[in-house]
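The structure appears right after this line, and notes come after that.
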Amino acid sequence: MSTGPYRALRDLTNRISDQVRTGQVIDAYLAGGMAAYLHLQKAGGKPAEAARYSEDADIHFNRSVMLHELPVVAYKDSEGKERMLALDGTYTIDIGLRHPDCFDNDEATELIEKASPRG
């Protein structure tokens, strides 16, 4: 079981990576509650720990991704409570507001541990 939402997100992205063809490079853009959590964590930590925990990861991929199953990760939050984090298979970037430059001003975060370096 993972400890903390960040580790759970790393485990989740690794499970997605396991289902992607070897050598295929896919950019993933995190949105929603997990993105807000990471942003708050980077800004100082305390606000993120007090924020609500998200139970799903809203991820936009730059190409179609066919997964055999939607990954789910169990983790413990900062209070030791067991929680689940799942990839939201219904998420689409086309619903809701987004900045027109959202892909130009993204922040790279390496979450997949075993990914090959980009050339």
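Please treat every number below as a calculation from the coordinates, not as lab data. Please read all numbers here as calculations on a predicted model, not as lab measurements. Note that we place each Cβ from the backbone using ideal geometry, even for glycine, and neighbour counts take in every protein chain shown.
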- Between Phe61 and residues 5 or more places away or on another chain, the pairs with built amide H atoms under 5 Å apart involve Tyr29
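Can you sort Ser64, Ser78 by how many other beta carbons sit within 10 Å, fewest first? Before the final figure, lay out the partial values.
Values: Ser64 6, Ser78 12.
Lowest to highest Cβ neighbour count: Ser64, Ser78.
When you have a sec, figure out the Kirkwood radius of the range 2-87 from all distinct Cα pair distances and drop it here in Å to one decimal?
Radius from the Kirkwood sum: 13.5 Å.
Please give the contour-minus-distance gain from Thr22 to His60: 0.36 nm per residue of separation, less the Cα-Cα distance, rounded to one decimal in nm. Can you show the working numbers first?
Numbers: separation 38, 0.36 × 38 = 13.68 nm, distance 1.98 nm.
Between Thr22 and His60, full extension yields an extra 11.7 nm.
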- Note on the structure: With label points set 7 Å from each Cα along the Cα-to-Cβ direction at Arg7 and Lys42, the distance between them in nm comes to 2.2 nm
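Rank the residues Glu55, Glu69 as a footprinting-exposure proxy: fewest other Cβ atoms within 10 Å of their Cβ go first. Working shown, then result.
Values: Glu55 13, Glu69 9.
Listed from fewest to most nearby Cβ atoms, that is Glu69, Glu55.
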- Item | Ranked list, fewest to most other Cβ atoms within 10 Å of each Cβ, for Thr13, Thr3, Thr92, Thr22 | Thr22, Thr92, Thr3, Thr13
- Task: Rounded to whole Hz and in sequence order, give me ³J(HN,Hα) for the range 28-38 from the Karplus expression 6.51 cos²θ - 1.76 cosθ + 1.60, θ = phi - 60°, writing x for Gly and Pro.
- Result: 10, 10, 8, 9, x, x, 5, 5, 5, 4, 4
